[in-house]
Amino acid sequence: MSHPADVSAIINSSTNPEIAAEIYAASLLALAFDNAAEKAYLAMLACKLQLPPELVTELEHQIETQKYLLNIVEKLMSNKAERDIEVAQIILQ
């Protein structure tokens, strides 16, 4: 991203609890939340969006699960592509 997001504008665009949850979920998807700065950003965002702690935990769990499953699918597809290439090479020999 060439320009950092205006966090205040993002927070102010939250007009209801559902949009607030979607904003938080989008941030979870965009970040690895594996370092202190990202964790601090997410904590600040959840606070400013006034998300209940239980919802934050649930969203984090859902997004973590989705990222994990996506990683598995990507690995399976990569392995399949490698096998397809190997099969094609054998056929072409």
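What do you reckon, is I90 of a type outside the set (D, E) and surrounded by 10 or more Cβ atoms within 10 Å (Cβ to Cβ)? Here the answer is no, as I90 does not meet what is asked. Put simply, of L76, L49 the only residue that is surrounded by 10 or more Cβ atoms within 10 Å (Cβ to Cβ), closer than 18 Å to V7 by Cβ and hydrophobic (A, V, I, L, M, F, W, C) is L49. Those helices (runs of 4 or more DSSP H) of the chain in which at least 1 residues are charged (D, E, K, R) and at pLDDT 95 or above, considering only elements entirely within it, cover 17-30, 36-48, 53-92. The residue that is nearest to Y68 (Cα to Cα), counting only those in segment 30-58 that are free of Cβ contacts under 8 Å to residues at least 24 places away in the same chain and of a type in the set (S, T, N, Q), is T57.
The values are calculated or read from the model by the stated rules, or taken from the named source; none is laboratory data. What you see is a predicted model; the values in this text were computed from it and never measured. Using ideal geometry, Cβ is built from the backbone for each residue, glycine included, and neighbour counts are taken over all protein chains shown.
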